[in-house]
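One structure is given here, and the rest of the page talks about it.
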Amino acid sequence: MRFVAEFVGQSNLFFGTLKQAGDDLVEIQTEEGLEIKVMMIAARPKPEPAKKITLYIRPEAIALIPIGENHQAVNRLTGKVAASAYEGSSVEYEVELQGSRSVRAHVLHPKGRPLFARGDEVAVVFDPKDVGWVAEEG
């Protein structure tokens, strides 16, 4: 499992177990107490409740929005910007979440949208179809 998780490169990794399974979505409870919904692919079986699961989310699949902004995202976590690096057409952010946990986000900088500064509270949003997972074997 670790090999596969490391193989996906710069992904944000979360470790957890199955909390709830629906028809199209499963909800994973991470070690930090975060709840992340994952879109299930029809050809793939759902994770088993007792198995440990590694989730991976690519930094470019994450969007940051102001805390008060309404957004239709299924997955919405909150945190504070710990660091940012402006790279012309995009910005690399590190956001501290609860549980001494951080994520990296690679955000395209659309015109007219604010840049976030260190210490700003933000919502970290991403789609369940952008969350990959690997179940522990054995």
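So which aspartates and glutamates pass the test for Lys111, namely a Cα distance under 15 Å, with those fewer than 8 places away in the same chain ruled out?
Straight-line reach from Lys111, under 15 Å: Glu87.
Taking the alpha carbon gyration tensor of the stretch 59-126, what are the square roots of 5 times its eigenvalues, largest first, to the nearest whole Å?
17, 14, 11
Could you sort 68-80, 118-130 so that the peptide with the highest average Cβ count within 10 Å comes first and the rest follow in order?
118-130, 68-80
Please report the relative contact order for the chain, taking Cα pairs under 8 Å with a sequence separation of at least 6, and give it as a percent rounded to a whole number.
Worked out over the chain, it gives 29 percent.
Determine, from the Cβ-Cβ distance of Gln20 and Ser102 and an R0 of 22 Å, the FRET efficiency 1/(1 + (r/R0)^6), rounded to the nearest 0.05.
Result of the calculation: an efficiency of 0.30.
What's the extension gain from Lys51 to Asn70 if we count 0.36 nm per residue and subtract their Cα-Cα distance?
Extra length from Lys51 to Asn70 when fully extended: 3.4 nm.
For the chain, what is the mean residue ellipticity at 222 nm derived from helices alone (per DSSP H run of n ≥ 4: -39500 (n - 2.57); sum divided by total residues; nearest 500 deg cm²/dmol)?
Helix contribution divided over all residues of the chain: -1000 deg cm²/dmol.
Reachable lysines from Lys52, Cα under 22 Å, same-chain residues fewer than 8 places away excluded?
Lys19, Lys37, Lys129
Evaluate the distance, in nm, between pseudo-label points positioned 7 Å from the Cα of Ser90 and of Ala63 along their respective Cα→Cβ axes.
1.6
Expressed in whole Å with the largest first, what are the equivalent ellipsoid semi-axes of the chain derived from the C-alpha gyration tensor as the square root of 5 times each eigenvalue?
Its equivalent ellipsoid spans semi-axes of 27, 15, 14 Å.
In debye, nearest 20, what is the charge dipole magnitude of the chain about its Cα centre with +1 on Lys and Arg Cβ and -1 on Asp and Glu Cβ, if you could check?
Computed charge dipole of the chain: roughly 80 debye.
Each reported figure results from applying straightforward, stated rules to the coordinates on display, with no laboratory input. Model, not experiment: these values are computed from the prediction. For neighbour counting, all protein chains shown are included, and Cβ atoms are generated from backbone atoms with ideal geometry for every residue, glycine included.
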